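So the structure is just underneath, and the comments pick up after that.
The values are calculated or read from the model by the stated rules, or taken from the named source; none is laboratory data. Here the structure is a predicted model, which means the values were calculated and not measured. Neighbour counts run over all protein chains shown; Cβ positions are idealised from the backbone, glycine included.
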Amino acid sequence: MNKEGYIPKEQRKKILLLSDDIRMHSGIATMAREIVVGTSHKYNWVNLGAGINHPEAGQRLDLSEDNNKVSGIPDSSVIVYPFNGYGDPTSVRQLIEIEKPDVLMFFTDPRYWIWLFQMENEIRKTIPMVYLNIWDDLPAPIYNEPYYESCDALMAISKQTLNINKLVLGDKAKDKVLKYVPHGINEKYFYPILDFHPEYQALQEFKKDALGNKEYEYVLLYNARNIRRKSVPDLMLGYQQFCEKIGPEKASKCVLLLHTQGIDENGTDLFAVRDLINTEGCNIIIYDRVLSIQQMNLLYNAADATALVSSNEGWGLSLTESLITGKMIIATVTGGMQDQMRFEDENGNWINFDENFCSNHFGTYKKHGEWAVPVFPSNMSLVGSVPTPYIFDDRADFRDISKAIEEIYNLPKEERQRRGMKGREWVMSDEAMMTSENMSKNVIHTIEETISTWKPRKQFEFIKAGKLPIKKVRHKLVY
């Protein structure tokens, strides 16, 4: 076996992974699957696979043979326990007893894991807890402090999240393993399809289906859910303003392709929005078909650029997928989308965050990778709910979105392609670490450090009762 770091099956550590079912197509499932495949030469995996009304709940499924085919090893061990939801204390206790894992790893919003954090004193007596985590925006969520404290290691998907982990934990950060582990895309599945490529004809057929059998000179893609924070109506209105500016004749040769559900209770009725802004030459296609991975690659290749103008966004996976296919991006300067635009500081370095500079959404730095057209928020509203009392909502003005759309439109097609390929080159670099291979390496390094430094939680802990201090945000709100 020539795979670097390969360990025979019987000698590997076992990891219990709580996440979406790794066979599904959500962003969480996709990244979890890439991690399992990319590290199965090093670890044996057990996935408590979440689903809504999961049809296979209660079964134990062995995916080892299927994983062998894609991982390139002969003896992987990948087991899935389908479950309705992300699990509960009873199911986790049972799996720990049956499977005897060496590490418990979990992934997605902390609000799904409150029950798990509440039993950390039980779990961490025998195995460490590793959290692949993300937080969409500032201020640093002090209300997440007990959640972060409940973990032995925090793998942060974005640079902003890594800084948030440090700010929230304060002095307790020194007792944790904290690592930057950005999402990674598998370049075997996402790649450019240029003239004379074997799939070029398949791309032309896909375009006919997605674009209504019409040729367009400029295709702008949106590929994400129809939910409020994604700000799809703002993108549509920005596109309509762009069409009005260039005139109906030129606009008739352009199209906004929305790969999403037209109607979603968590978002809005996009058909009604389209009717509202309908003007001559403003082509907006709502394309809601479920696509395979191969078709997803065709989708990105059918576009000239991908736009995501969310007011909150932990990462923005469609941007990374777009870049690795060699396509430019338009994005709000917020959350993890900042990472993918590669803003530079005054020394030409990729920016990092600290307590004095927590985000670039105020426009501190303007220079960025030439593959991106950033849209700086025009308004930051402090919103919240009872579970999450405060978070910035970084709203992009639809007029600024329109300008970004026009900026890419005005580039010659060859220049768009050149910039997109520069983006592909960068996301595949060791600096960006945004390939599935690099993501898997980062996960391995974090888990190995966690195992080597982990100390079991004490059986008892004495805490002096007293008045709890008021928790204050450990950074400036404006910077």
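Summary table
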quantity	calculated
Scan of region 1-31 for residues that are of a type in the set (A, V, I, L, M, F, W, C) and closer than 16 Å to Ile444 by Cα, ordered by number	Ile7, Ile15, Leu16, Leu17, Met31
Boolean, Ala331 is over 16 Å from Ala140 (Cβ atoms), buried (at least 22 other Cβ atoms within 10 Å of the Cβ), more than 18 Å from the chain's Cα centre (by Cα) and modelled with pLDDT of 95 or more	no
Residue list for region 1-29, restricted to those being hydroxyl-bearing (Ser, Thr, Tyr) and within 15 Å of Val78 (Cα to Cα)	Ser19
Single residue of region 119-169 satisfying the filter (out of contact with any helix residue (DSSP H, G or I) (no Cβ under 8 Å at 6 or more places or on another chain) and polar (S, T, N, Q)) that is farthest from Ser359 (Cα to Cα)	Asn121
Members of region 307-323 found to be of a type outside the set (A, V, I, L, M, F, W, C) and over 12 Å from Phe190 (Cβ atoms), listed by number	Ser310, Ser311, Asn312, Glu313, Gly314, Gly316
Scope region 445-463; condition in a helix (DSSP H, G or I) and either farther than 16 Å from Pro101 by Cα or hydroxyl-bearing (Ser, Thr, Tyr) (or both); matching residues	His445, Thr446, Glu449, Thr450, Ser452, Thr453
Residues of region 243-272 satisfying the condition of being in a helix (DSSP H, G or I), touching a residue at least 12 places away in the same chain (Cβ under 8 Å) and either more than 18 Å from Phe398 (Cβ to Cβ) or in contact with a strand residue (DSSP E or B) (Cβ under 9 Å, 6 or more places away or on another chain) (or both)	Cys243, Ile246, Pro248, Glu249, Lys250, Leu270, Phe271
Which numbered condition Asn312 misses (of (1) touching a Gly at 6+ places or on another chain (Cβ under 9 Å); (2) modelled with pLDDT of 95 or more; (3) over 30 Å from Met380 (Cα atoms); (4) not in a helix (DSSP H, G or I))	(3)
Residues that are over 20 Å from the mean Cα position of the chain (by Cα) and under 29 Å from His361 (Cβ atoms), drawn from region 287-315	Ala303, Asp304
Criterion: outside the structural domain of Ile444 (by TED's automatic domain parsing) and more than 30 Å from Ala224 (Cβ to Cβ) - qualifying residue of Glu97, Glu65, Glu4	Glu4
Number of positions in region 375-398 that are part of a strand (DSSP E or B) and surrounded by 12 or more Cβ atoms within 10 Å (Cβ to Cβ)	9
Selection within region 334-352 - touching a residue at least 24 places away in the same chain (Cβ under 8 Å), in a loop (DSSP other than H, G, I, E, B) and surrounded by fewer than 24 Cβ atoms within 10 Å (Cβ to Cβ)	Arg342, Phe343, Ile351, Asn352
Search result, residues across region 212-229 that are in a loop (DSSP other than H, G, I, E, B) and either outside the structural domain of Leu256 (by TED's automatic domain parsing) or more than 17 Å from Thr320 (Cβ to Cβ) (or both)	Gly212, Asn213, Lys214, Glu215, Tyr216, Glu217, Asn226, Ile227
Where a residue in region 393-414 is under 18 Å from Ser310 (Cβ atoms) and its partner, wherever it lies, is at pLDDT 95 or above and among the acidic types (Asp, Glu), with Cβ under 8 Å and at least six apart	Asp393/Asp137; Asp394/Asp137; Arg395/Asp234; Ala396/Asp234; Phe398/Asp234; Ile401/Asp234
Residue ID - farthest from Pro110 (Cα to Cα), chosen from residues in region 378-396 that are touching a helix residue (DSSP H, G or I) at 6+ places or on another chain (Cβ under 9 Å) and of a type outside the set (Val, Ile, Thr)	Ser378
Answer from Ser19, Ser40, Ser77 - the residue that is among the small types (Gly, Ala, Ser) and surrounded by fewer than 19 Cβ atoms within 10 Å (Cβ to Cβ)	Ser77
Helices (runs of 4 or more DSSP H) lying entirely in region 1-104 (those with 2 or more residues that are at pLDDT 95 or above, under 20 Å from the mean Cα position of the chain (by Cα) and of a type outside the set (A, V, I, L, M, F, W, C))	27-39
Members of region 448-463 that are under 17 Å from Leu154 (Cβ atoms) and either surrounded by 10 or more Cβ atoms within 10 Å (Cβ to Cβ) or in contact with a Gly (Cβ under 7 Å, 6 or more places away or on another chain) (or both)	Glu448, Glu449, Thr450, Ile451, Thr453, Trp454, Arg457
Flag for Val177 being within 30 Å of Gln295 (Cβ to Cβ) and either in contact with a strand residue (DSSP E or B) (Cβ under 8 Å, 6 or more places away or on another chain) or touching a residue at least 60 places away in the same chain (Cβ under 8 Å) (or both)	no
Criterion violated by Lys188 - all others in (1) assigned to a helix (DSSP H, G or I); (2) surrounded by fewer than 15 Cβ atoms within 10 Å (Cβ to Cβ); (3) of a type outside the set (Asp, Glu); (4) under 20 Å from the mean Cα position of the chain (by Cα) satisfied	(1)
Contacts under 9 angstrom Cβ, first residue in region 356-378 being over 19 Å from Ser402 (Cα atoms), partner of a type in the set (S, T, N, Q) and surrounded by fewer than 17 Cβ atoms within 10 Å (Cβ to Cβ), 6 or more apart	Phe357/Thr364
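Here is a yes/no grid of residues against (1) exposed (fewer than 15 other Cβ atoms within 10 Å of the Cβ); (2) not aromatic (Phe, Trp, Tyr):
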{"site": "Gln201", "(1), (2)": "yes, yes"}
{"site": "Lys208", "(1), (2)": "yes, yes"}
{"site": "Leu211", "(1), (2)": "no, yes"}
{"site": "Tyr218", "(1), (2)": "no, no"}
{"site": "Met236", "(1), (2)": "no, yes"}
